[in-house]
1. Which pairs do you get when a residue that is among the hydroxyl-bearing types (Ser, Thr, Tyr), found in segment 19-33, comes within reach of a residue that is modelled with pLDDT under 90, reach meaning Cβ atoms under 9 angstrom, with the pair 6+ apart or on two chains?
2. Kindly indicate which of Val32, Val4, Val74 is at pLDDT below 90 and in contact with a helix residue (DSSP H, G or I) (Cβ under 9 Å, 6 or more places away or on another chain).
3. Kindly list, by first and then second residue, each pair from a residue in segment 43-57 that is small (Gly, Ala, Ser) to a residue that is in a loop (DSSP other than H, G, I, E, B) and surrounded by 15 or more Cβ atoms within 10 Å (Cβ to Cβ), limited to pairs with Cβ atoms under 9 Å and residues at least 6 apart or on different chains.
4. Taking the condition of being surrounded by fewer than 10 Cβ atoms within 10 Å (Cβ to Cβ) and either of a type in the set (Lys, Arg) or outside any loop (DSSP other than H, G, I, E, B) (or both), how many residues in segment 42-58 meet it?
5. Go through (1) at pLDDT below 90; (2) more than 17 Å from the chain's Cα centre (by Cα) and name the single condition Val24 misses.
6. From the residues in segment 59-90 that are in a helix (DSSP H, G or I) and among the β-branched types (Val, Ile, Thr), which one is surrounded by the fewest Cβ atoms within 10 Å (Cβ to Cβ)?
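The values are calculated or read from the model by the stated rules, or taken from the named source; none is laboratory data. Please read these numbers as outputs of a predicted model, since none were measured by experiment. A quick note on method: Cβ atoms are made from the backbone with ideal geometry, for glycine too, and the neighbour counts reach across all protein chains shown.
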Amino acid sequence: MPAVEIRAPEPVRDTAPADAFGAVLKDSIARVENLRAGAGETVDRLLAGEGEDLHTAALATQRAELAFELFLQVRNKAVQAYQEIMRMQI
């Protein structure tokens, strides 16, 4: 399985802030899902005996798990920020 480069999302220009946020969110979800699907395929090949190494499957599942955990933590911070804004008095 090729190495996966984790990088910041590309900035979205010439759109409304809500559209830019939505695009970044969609891109992030797609990346996490791709890592999960790739890990699942690697494990399936390992279990089927199709020449996949154990360490390759373990690395793929760890990579997918870390990506999900990172996404979850970013989501939690975004929810906390939203809740803090909602508590502000005008």
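1. Taking only residues 6 or more apart or on different chains, the pairs are Ser28/Pro9.
2. Val4
3. Here the result reads Ala57/Met1, each pair linking segment 43-57 to a residue that is in a loop (DSSP other than H, G, I, E, B) and surrounded by 15 or more Cβ atoms within 10 Å (Cβ to Cβ).
4. So the count comes out to 3.
5. Of (1) at pLDDT below 90; (2) more than 17 Å from the chain's Cα centre (by Cα), only one is false for Val24: (2).
6. Only one residue tops the list, namely Ile85.
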